[in-house]
Structure formats: C-alpha cells, structure tokens
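The block underneath contains the structure these notes are about, expressed in structure tokens.
Taken together, the values in this text are just the output of simple stated rules run on the coordinates, not laboratory data. Treat the numbers as computed from the prediction; the structure is a model and nothing was measured. Because the Cβ atoms are built from the backbone with ideal geometry, glycine has one as well, and the counts that use them run over all protein chains shown.
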Amino acid sequence: MPKIDKKNLLLIIILVATVILGAITVTTALKLYQIGQKPVAPTAPESKPKAVDNSCRLTFTVTVVTTPTPTTPVSTTVTPTSQLTPTATLKPTATPTPGSKTACFDECSSDGQCASGLRCLTYSGTKRCLNSNCPTEIDCACNPCWGKCTEDVECLSGLKCLSVSGEKRCVNSSCSTDEDCTCAGLPTNTPVPTATSIPGTTTPKPTATLKPTATTKPVTAVTEPETTVAQPVTGLKVPTTAGLGIGLLLISFGLALIF
C-alpha cells in the first residue's frame, strides 16, 4: 500500500471539510426556504384591560406645632492671674590685677595673663593656664624621662608614653629601655664595603647562542563534495483545485438561497 505524504493528507482533509461545509450550507438554505413558503396563522385577538372600579380616597394633613424652650445664657468671666518674671542674677567674674600673672590651672583669656612657661589653653571647655608640653597635667609638671604616665601628652617634648616591663613610662621611642633617654649604647651605621677587581684577571665575555628557526609546512586543503538538497514541489494539484472550487460553489449557492 503506497504511503500518503503528510502534505497531501492535509490537502485531502481540507478538501473533504470544504465539501461537507458546502453540503451543510445547501441543506440549511433549502430548509429555511421551505419554512418561508408555509402560510402563517393569524394572530389571536389581544385582551383589553378591565376598567378600574370607582373608589373614594380620603386624605388629611397633620401639622405639629413645636414650642421653643428658653435657654439661659452662660456668662464667662476671665480672672487675670499674676505672673512672676524671673530676674537675671549677675555672677562675679575674676578680673586679673594689672601686673600680676595667673598661676597654673587658673582661668584666663589670653596667653599674656599666664605665668612664664604657661599658655592659655582649653581644658574641659574652659580656658586655663597650662603647660603646653603636657596640657592635661593640672599641676603643669610634665613627667621627665622614665617617669610614669598614661598618655603621650603627659611627657616632655620628644618623649612618648610607652609600655616598658609592664608599666607605662615617658621614654625615647628610639631606645625605650634606656632610663636616661640618651640612646648612648646604640651602634652607628658602618659603610658596606664594595667589591674591587683583582689586577691580572680577565673577565669572561658572553658567547652568543643560536636560536632554532621555525619552518613552515604546506597545508593541503581538503575539499568536501557538494551535496544537493532536493527541493519540495510546491503548488496545488488539479484534483485539489477542483475539489476546493466545488466546495466554494456549494457554499455560495447555499448563501444565495438564504438571502
């Protein structure tokens, strides 16, 4: 039994469906034509509505009179109250005596009011005469070398507060274990000797090394055989065209009978 191509099978299905639709259209048109030729029965007479019986209607209106109730006016009186106004009290400020200098940790406004060696610096929001080398010390005495401390500002200029043997002391950062901060035991830098050439000896000269050169080999091109792809045959065959034409004619005839 020969096999049916999928494309031909689809055309056959479309052809059969077109013929069936044409037959259904013609049959429906003939039925409607036969129904239209039958006589129509006369319509039954319409019933008239019954007359409304005579009736009486009694209407009356009720009026309600409202009496307003008097209201007593409420009087509001405002009693003024006395308010106390606070008075500002003046605080006495210490004014330095001309010619006298302010001591350590006393309040000041400029460096000229402080004693020799002190400066007017801010301490906890207040300007006071302090030692600039250790502005956190309230007695203006900076810790000397190897003195105990808690931070760098407590030490003299050039010293730092470092931990030595478990305790923080003012020391020289270059020799933190030196108690006099002089760094006397540190070695000095010695010059590094440079290499000298021995007379009578010759220096070897480098020899040139040969590098291998790459050679190219010819590459043969491989030619592949050309393959031809068979193209499908397109277009409608004569039986298919004839079937579609018959189906369309049947549909047109049926529509002409309906209208």
Based on Cα coordinates alone, diagonalise the gyration tensor for the range 101-141, multiply each eigenvalue by 5, take square roots, and list the semi-axes in whole Å, largest first. 13, 12, 8
If I20, I35 are placed from fewest to most neighbouring beta carbons inside 10 Å, the sequence is I35, I20
Taking H as built 1.01 Å from N, whose amide H comes closer than 5 Å to the amide H of S132, not counting residues under 5 places away? R119
Non-local residues with an amide H under 5 Å from the amide H of V164, with H modelled 1.01 Å from N and Pro and chain starts lacking one, are R169
Residues whose placed amide H lies under 5 Å from that of D106, excluding near-sequence neighbours: C129
